[in-house]
Amino acid sequence: ETFDATGLHILPGAIDVHVHFRDPGYTHKEDFESGTVSAAFGGVTTVFDMPNTIPTIADAESLKAKHVIAQSKAHVDYGLYAVIGDDTIDKVPELVEAGIIGFKCYMGNTFGRIPSPSTGAMLEAFEVVAPTGKRISLHAETNSIMERRQQRLTDAGRTDPLAHLASRPAVVAVEAVARAAILAEWTGARIHVLHISSGAELRPLAEAKARGVDITGETCPHYLMLDETDYLRCKGVVRVNPPVREATNHEPLWNGLLDGTIDMIATDHAPHTPEEKTRADIWAVDCGFPGVESQMPLMLTEVAKGRYSVSDYVRWSAVNPAKVWGLYPRKGVIQAGSDADFAFVDLGKTWTLKDEELHSRSKISPWDGREVTGLPVHTMVRGRFVVKDRELVADTKGFGRSVHVIQEMPTPEPKHTDETLAAVVAYRPEAAE
Ligand code: DOR
Ligand code: ZN
Ligand code: ZN
């Protein structure tokens with residue numbers, strides 16, 4: 001099989017550890033097919049799917065049903081999350097047995113309205129999960145703070161888009177991160193802080209790391225590149241939990257990535273329909289927007305601007321996610337001679353993101369019309385093209401596999417030609433570390 005990689009850089013396929021593919025239950029927003037096609041066009045070769053579907057992934061039965069769906073529809077590899085909360089503590093063994101990438105703990109309320117565990121239940125959950133070695137990913141926001149804020153804002157008659165931000169000030173997240181870190185320290189549980197949205201969260205995160213807590217963190221392009229002025233520009237579309245904040249957070253978040261306090265980039269890909277995103281109600285639950293397809297172009301644009309190197313980007317998009325979830329070096333590297341996950345990107349290509357061109361079922365995002373530099377041209381999953389020359393390759397639906405299955409597969413035989421290898425070995429993230 002021939003293909004043209006002239007002028008392209010070969011990066012490890014990105015691993016997006018935080019997507020909502022909505023399947024089953026909300027397939028009018030997205031399903032495993034549209035979500036994974038969108039990922040493939042974004043140079044993303046592995047996704048971890050969140051459990052706030054219908055049913056919620058909270059026992060072996062619901063998990064196995066989602067595995068059947070994902071395996072029949074996925075174009076890229078995936079891991080599935082299960083919820084950990086009051087009602088699932090005794091389900092931990094069966095969930096681990098049925099194949100999960102990790103647990104998701106909804107400390108704060110968001111789409112899907114999964115009840116948040118009390119601190120007491122969290123402590124028990126962390127005690128039970130710790131010996132399994134599975135990581136607990138946290139939606140770190142504290143309900144008791146934001147519920148009071150929302151009530152006061154409602155009483156004051158606020159109906160403007162910025163009220164959503166006002167109801168969830170950074171302390172909502174800071175308090176939750178600090179509390180979760182204490183529980184992790186106490187129990188030895190491994191935890192991951194999802195969607196870090198403020199500079200203020202970096203202090204409890206860095207302090208916990210310094211104490212030896214096994215804690216990692218991610219931020220998303222919207223927290224790095226959007227700010228409070230975007231609420232006026234695109235109204236409800238930018239509404240996401242936790243909220244996009246004041247521009248003063250950008251520099252601390254970039255620095256957190258560069259100094260390693262924040263380990264990785266994820267997207268919180270959260271598709272909704274245009275009707276859902278443009279409801280007049282500022283407290284509508286349809287928060288978030290698609291992101292899995294635009295992450296790589298957005299982040300590579302900063303490489304083009306000289307903010308950081310392509311090696312930095314690869315560390316945040318592929319190497320660290322693979323290491324943190326135990327997939328390294330099967331994923332997250334370019335291994336000469338092995339069948340791996342590649343994104344072939346044109347680092348110099350300037351183009352415009354357009355919502356209507358997204359492969360997600362959701363075609364409404366705050367990125368519409370944004371100029372970016374960096375285009376994924378071909379995407380390869382375990383040695384097989386899924387996207388080639390910006391076209392979806394036929395018969396790749398159902399090729400994606402759960403990473404818990406992949407880990408049991410034999411090491412694949414080298415299949416590349418010498419010519420491909422020359423290009424492959426030209427870029428080694430290891431060498432840059
Ligand atoms: O804005 C959000 N949307 N935040 C979340 O935590 C959940 C997500 C969703 O599922 O829509
Ligand atoms: Zn969340
Ligand atoms: Zn999320």
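The values are calculated or read from the model by the stated rules, or taken from the named source; none is laboratory data. Model, not experiment: these values are computed from the prediction. Don't worry about glycine lacking a Cβ; one is built from the backbone with ideal geometry, like all the others, and counts go over all protein chains shown. Just the protein is used for accessible areas: all its heavy atoms, side chains included, with ligands, DNA and RNA removed. Shrake-Rupley method; radii C 1.70, N 1.55, O 1.52, S 1.80 Å.
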Name every residue in region 260-275 that is within 16 Å of ligand 3 (Cβ to nearest atom) and either open to solvent by 20 Å² or more (accessible area, probe 1.4 Å) or more than 12 Å from the chain's Cα centre (by Cα) (or both), in order of residue number. 271, 272
Candidates 104, 134, 64 - the one that is out of contact with any Asp or Glu (no Cβ under 6 Å at 6 or more places or on another chain), of a type in the set (Lys, Arg), at pLDDT 95 or above and within 15 Å of ligand 3 (Cβ to nearest atom): 104
Which of the residues belonging to region 238-259 are within 18 Å of the chain's Cα centre (by Cα) and either closer than 21 Å to residue 139 by Cβ or among the β-branched types (Val, Ile, Thr) (or both)? 238, 239, 240, 241, 242, 243, 244, 253, 256, 257
In region 276-296, the residues that are open to solvent by 50 Å² or more (accessible area, probe 1.4 Å), touching a helix residue (DSSP H, G or I) at 6+ places or on another chain (Cβ under 8 Å) and farther than 17 Å from residue 362 by Cα: 283
Suppose the filter is open to solvent by less than 10 Å² (accessible area, probe 1.4 Å) and closer than 30 Å to residue 293 by Cβ; does residue 219 pass it? yes
List pairs: first residue in region 118-140 and without any contact (Cβ under 8 Å) to a residue 40 or more places away in the chain and open to solvent by 10 Å² or more (accessible area, probe 1.4 Å), second residue polar (S, T, N, Q) and within 16 Å of ligand 1 (Cβ to nearest atom) anywhere in the structure, Cβ distance under 8 angstrom, at least six positions apart or on different chains. none
Output the residues belonging to region 339-362 that are farther than 17 Å from residue 298 by Cβ, open to solvent by 20 Å² or more (accessible area, probe 1.4 Å) and part of a loop (DSSP other than H, G, I, E, B). 339, 361
Please go through (1) in contact with a helix residue (DSSP H, G or I) (Cβ under 8 Å, 6 or more places away or on another chain); (2) under 29 Å from residue 209 (Cα atoms); (3) among the aliphatic types (A, V, I, L, M); (4) surrounded by fewer than 23 Cβ atoms within 10 Å (Cβ to Cβ) for residue 299 and return the number of the only condition it doesn't satisfy. (4)
Tell me, which residue of region 1-36 that is more than 16 Å from ligand 1 (Cβ to nearest atom) and of a type in the set (Val, Ile, Thr) is nearest to residue 331 (Cα to Cα)? 15
Residue 113 is checked against (1) out of contact with any helix residue (DSSP H, G or I) (no Cβ under 9 Å at 6 or more places or on another chain); (2) crowded, with 21+ Cβ neighbours inside 10 Å; (3) on the phi > 0 side of the Ramachandran plot and fails just one. What number does that condition carry? (2)
If we scan region 386-406, do we find a residue that is at pLDDT below 95 and more than 19 Å from the chain's Cα centre (by Cα)? yes
Out of region 42-53, which residues are in a loop (DSSP other than H, G, I, E, B), within 12 Å of residue 66 (Cα to Cα) and either touching a strand residue (DSSP E or B) at 6+ places or on another chain (Cβ under 9 Å) or away from ligand 1 (no atom under 12 Å from the Cβ) (or both)? 50, 51, 52
Keeping to region 306-322, report how many residues are open to solvent by 10 Å² or more (accessible area, probe 1.4 Å) and in contact (Cβ under 8 Å) with a residue 24 or more places away in the chain. 8
Mind checking which pairs have a first residue in region 197-210 that is over 18 Å from residue 251 (Cα atoms) and a second that is part of a helix (DSSP H, G or I), Cβ under 6 Å, 6 or more apart or different chains? 208/181
Could you list, in sequence order, all residues of region 8-30 that are at pLDDT 95 or above, open to solvent by 10 Å² or more (accessible area, probe 1.4 Å) and over 14 Å from the mean Cα position of the chain (by Cα)? 24, 25, 26, 27, 28
Among the residues that make up region 163-184, is at least one of them among the small types (Gly, Ala, Ser), open to solvent by 10 Å² or more (accessible area, probe 1.4 Å), without any contact (Cβ under 8 Å) to a residue 12 or more places away in the chain and more than 16 Å from ligand 3 (Cβ to nearest atom)? no
Take the residues of region 148-162 that are outside any loop (DSSP other than H, G, I, E, B) and in contact (Cβ under 8 Å) with a residue 12 or more places away in the chain: which is most open to solvent (accessible area, probe 1.4 Å)? 149
Starting from residues that are under 11 Å from residue 221 (Cβ atoms) and of a type outside the set (A, V, I, L, M), keep the ones in region 251-268 and report whichever is nearest to ligand 2 (Cβ to nearest atom). 268
Please list, ordered by first then second residue, the pairs with beta carbon atoms under 8 Å, 6 or more apart or interchain, first in region 26-39 and without any contact (Cβ under 8 Å) to a residue 40 or more places away in the chain, second open to solvent by less than 10 Å² (accessible area, probe 1.4 Å). 26/53
